[in-house]
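To keep things clear, I will list the structure first and then write my remarks on it.
The values are calculated or read from the model by the stated rules, or taken from the named source; none is laboratory data. Remember, it's a predicted structure, so these values are computed and weren't measured experimentally. Glycine gets a Cβ as well: all are built from the backbone with ideal geometry, and neighbour counts include every protein chain shown.
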Amino acid sequence: MSFSNPLSLSPMESHTTVPSNHEAETEPTEFEKNQKRYKDLIATFPHTKGWRPKGPLIEYHGCWFVQPLLEGCLHAQEFFQARPIDFLICSSAKTGTTWLKALTFAIVNRTCLDNSSNPLLKRNPHELVPFIENEFAFFPQVDVIKDKGNTLFSTHIPYGLLPKSIANSGCKMVYIWRDPKDTFISMWTFFQKQRSDFGPLNSLEESFDMFCRGTSVYGPYLDHVLGYWKAYQENPNQILFLKYETMRADPLPHVKRLAQFMGYGFTAEEEKKGVVEKVVNLCSFETLKNLEVNEGEKIREDIASVHWPNSAYFRKGMVGDWHNYLTPEMAARIDGLMHEKFKGSGLLEHDIDD
Ligand code: A3P
């Protein structure tokens, strides 16, 4: 796959890139032509108010996107070519994506775990595992995309909208989900740390109401989870289904299971030498959060115009932080919605070790 004339726009911005009149004599690139096609199409989709004044949400097949990520999704649907050797980390936003990116990268590249040059110590996990609807569309110049040897990719796209090449290739994927109450709090606090001025963030109450009604980035959240859950039930050999809380309680067995599923199972010798523990420790919240690269206002080096500092991806990493933000009524509302949505699906009873 190749992309000519990559854009340097941030995917969180929805500026037009159609040439202005005085540039009109320049022939638009294939990328620009595609982007115009996506913009024209997206303009016909339902729009609604987002969590910030300058970020409307747009509905595409029942899922709410922000404009640039929807353009990226359409681009991925058209151009992303999965290979059988690829491995996809799937999630809705704020459910443990960064952690899984670090873990899968550490598992695949574990020969250099002890090495101080390990990329995980120097770079944010998002630099090492690209989003197919983000970096691929907007930043094809980044190293990990140019590296054809890379087999790790990630996406927040709902299961039903994944590029066809993913199902056709038979490549494996892992999905992680999280208690919707903590997911919401993680998302709301994440938006508070957004660097650019998209206008004031909605109040917690208003954002919560929107989250419950399904209007959040990649929402409705519960539908996102259920979509992957059903796909997992139909094809457990292609999808591994994980839960943030279960992993947080005892990561080791799940990391072993993840490695096995990826085709990179730990040998008895490695287990004896404590390699699994090393992977878990390297990717732990505490280790990653305290790395220099993930501190303060540092941003990715390969993409200058990102809107979140690396530190925004490591907040508290707690289970149950929602207690500090939501009233019992709010908690009951979302729990009720979850039980209603997941009733009869087997998801509420799902145990990771089954
Ligand atoms: P909190 O905001 O509750 O702290 P995502 O990676 O999908 O954006 O999810 C972000 C959430 O995962 C944040 O939750 C973040 O702190 C937490 N997180 C990031 N890295 C982690 C790690 N290595 N282990 C556990 N949790 C992690």
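Some notes on this structure:
- Residue in segment 231-241 that is within 13 Å of the ligand (Cβ to nearest atom), touching a strand residue (DSSP E or B) at 6+ places or on another chain (Cβ under 6 Å) and closer than 24 Å to LYS181 by Cβ present: no
- Some residue of segment 182-192 being in a loop (DSSP other than H, G, I, E, B) and not polar (S, T, N, Q): no
- Only a single item in (1) surrounded by 15 or more Cβ atoms within 10 Å (Cβ to Cβ); (2) closer than 28 Å to PRO236 by Cβ is not met by VAL306, and it is number (2).
- When ASN324 is tested against (1) exposed (fewer than 13 other Cβ atoms within 10 Å of the Cβ); (2) among the polar types (S, T, N, Q); (3) within 22 Å of the chain's Cα centre (by Cα), exactly one condition is not met: (3).
- Conditions (1) more than 12 Å from the chain's Cα centre (by Cα); (2) modelled with pLDDT under 95: number failed by LEU161: (2)
- Verdict on ASP197 being more than 15 Å from the chain's Cα centre (by Cα), buried (at least 19 other Cβ atoms within 10 Å of the Cβ) and charged (D, E, K, R): no
- Listing of helices (runs of 4 or more DSSP H) fully contained in segment 43-146 that carry 3 or more residues being in contact with a helix residue (DSSP H, G or I) (Cβ under 7 Å, 6 or more places away or on another chain): 67-79, 97-108, 119-122, 125-128, 135-138
- Some residue of segment 81-101 being more than 16 Å from the ligand (Cβ to nearest atom) and within 30 Å of ASP40 (Cα to Cα): yes
- Only one entry in HIS156, HIS126, HIS75 is within 16 Å of HIS224 (Cα to Cα) and in contact (Cβ under 8 Å) with a residue 12 or more places away in the chain, namely HIS156.
- Scope segment 278-308; condition within 19 Å of TRP99 (Cα to Cα) and in contact with an Asp or Glu (Cβ under 7 Å, 6 or more places away or on another chain); matching residues: ARG300
- Residue satisfying all of: in segment 278-303; charged (D, E, K, R) and within 15 Å of the ligand (Cβ to nearest atom); surrounded by the most Cβ atoms within 10 Å (Cβ to Cβ) among these: ARG300
- Helices (runs of 4 or more DSSP H) enclosed by segment 204-284 - at least 3 residues per element that are farther than 25 Å from PRO119 by Cα: 204-213, 221-234, 244-249
- All positions within segment 314-335 that are of a type in the set (Lys, Arg) and away from the ligand (no atom under 11 Å from the Cβ): ARG333
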